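Below you'll find the structure I mean.
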Amino acid sequence: MYIYLYLNIFTILFPLLLSFDKKVAFYKSWSALWPAILVNAALFIAWDALFTEAGVWGFNKEYLTGIYILNLPLEEILFFITVPYACVFIYDVLNAYIRKDILHPYAKVIAVALILILPLIAVFNITRLYTSITFIALAVVHLVHLRYFDTRYLGRFYLAYLVHLVPFLLVNGVLTYLPIVWYNDNFNLGLRIVSIPVEDTMYSMLMLLITISVYEGLRQRKAVKQYKALVV
């Protein structure tokens, strides 16, 4: 039963097919998207391998193809490609169809709250590696994002994050309910949304924020180059 592989296919299938929609034309952003996905994948695959080795989480072979790369299931490697692709697709679709940045007025408040609260929770749960590392990393990435972009993209990012929670809960629910991926509660808070560790919501936000930060950075650099070429 290759359920994890099927979940990966399901995750990317519709975003990939709809990438050629005329209004969004997501395929035109692939030159920035794929480098962003690769940067994100490199970081999270290394992290994943270390946490798997440490027993923070693991995988049920019953639902895998049995192919491993860097001691991780092939499906787990694909996860860091299919999920960011689908999430950035959601981000761009929302940008195309919802012209008003409705969360921009609250973006700074949300970011500052996360930057202050997450490290505090991490400090009080420092030995719970999934909790502490994820929460501190998310706070740091927020700081870096604010340094380079201020709140230019954060309102739209938070909207995309909220919308992505629907497919996130469906896919992650299957992964953790069977379970295809199991978690050692010694390394997390032990709080679950049905079967999903609450840390997964912050882990997913971190993954999406890194990908979109690189994505928007590359698109911004391309736009500057094009502008300079026109001026010259």
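For segment 112-136, give me the residue count where each residue is surrounded by fewer than 21 Cβ atoms within 10 Å (Cβ to Cβ) and among the small types (Gly, Ala, Ser).
Adding up the residues that qualify gives 2.
Checking Leu103 against (1) in contact with a Ser or Thr (Cβ under 6 Å, 6 or more places away or on another chain); (2) more than 30 Å from Tyr6 (Cα to Cα), only one condition comes out false. Which one?
Answer for Leu103: the failing condition is (1).
State whether one or more residues within segment 100-110 are over 16 Å from Ile212 (Cα atoms), in contact (Cβ under 8 Å) with a residue 60 or more places away in the chain and over 18 Å from the mean Cα position of the chain (by Cα).
Scanning segment 100-110, I find no residue that is over 16 Å from Ile212 (Cα atoms), in contact (Cβ under 8 Å) with a residue 60 or more places away in the chain and over 18 Å from the mean Cα position of the chain (by Cα), so the answer is no.
Next question. Exactly one condition in (1) touching a Ser or Thr at 6+ places or on another chain (Cβ under 9 Å); (2) loosely packed, with under 12 Cβ neighbours inside 10 Å; (3) touching a residue at least 60 places away in the same chain (Cβ under 8 Å) is not met by Tyr97; state its number.
For Tyr97, the failing item is (1).
Sort out which residues of segment 141-169 are part of a helix (DSSP H, G or I) and under 18 Å from Tyr97 (Cα atoms), and write them in order of number. Let's see the steps before the verdict.
Filtering segment 141-169 for residues part of a helix (DSSP H, G or I) gives 141-149, 154-169.
Once the filter is applied, which keeps residues that are part of a helix (DSSP H, G or I) and under 18 Å from Tyr97 (Cα atoms), segment 141-169 yields Leu154, Gly155, Arg156, Phe157, Tyr158, Leu159, Ala160, Tyr161, Leu162, Val163, His164.
For segment 137-156, check the following and say yes or no: at least one residue is aliphatic (A, V, I, L, M), under 22 Å from Leu13 (Cα atoms) and surrounded by 21 or more Cβ atoms within 10 Å (Cβ to Cβ).
To start, the set of residues in segment 137-156 that are aliphatic (A, V, I, L, M) comprises 137-141, 143-144, 146, 154.
Those left that are additionally under 22 Å from Leu13 (Cα atoms): none.
There is no residue in segment 137-156 that is aliphatic (A, V, I, L, M), under 22 Å from Leu13 (Cα atoms) and surrounded by 21 or more Cβ atoms within 10 Å (Cβ to Cβ).
Give the residue that is farthest from the chain's Cα centre (by Cα), with candidates limited to residues of segment 22-44 that are assigned to a loop (DSSP other than H, G, I, E, B) and free of Cβ contacts under 8 Å to residues at least 12 places away in the same chain. Don't jump to the end; show me each part of the working.
The first filter runs over segment 22-44 and keeps only residues assigned to a loop (DSSP other than H, G, I, E, B), leaving 22-25.
Now drop any that are not free of Cβ contacts under 8 Å to residues at least 12 places away in the same chain, which leaves 22, 25.
Details: Lys22: 26, Ala25: 21 Å.
Checked segment 22-44; the qualifying residue farthest from the chain's Cα centre (by Cα) is Lys22.
FYI, it's all coordinate maths here, none of it is from the lab. Everything numeric in this text was worked out from a predicted model, so none of it was measured. Methodologically, a virtual Cβ is constructed for each residue, glycine included, from the backbone with ideal geometry; neighbour enumeration extends over all protein chains shown.
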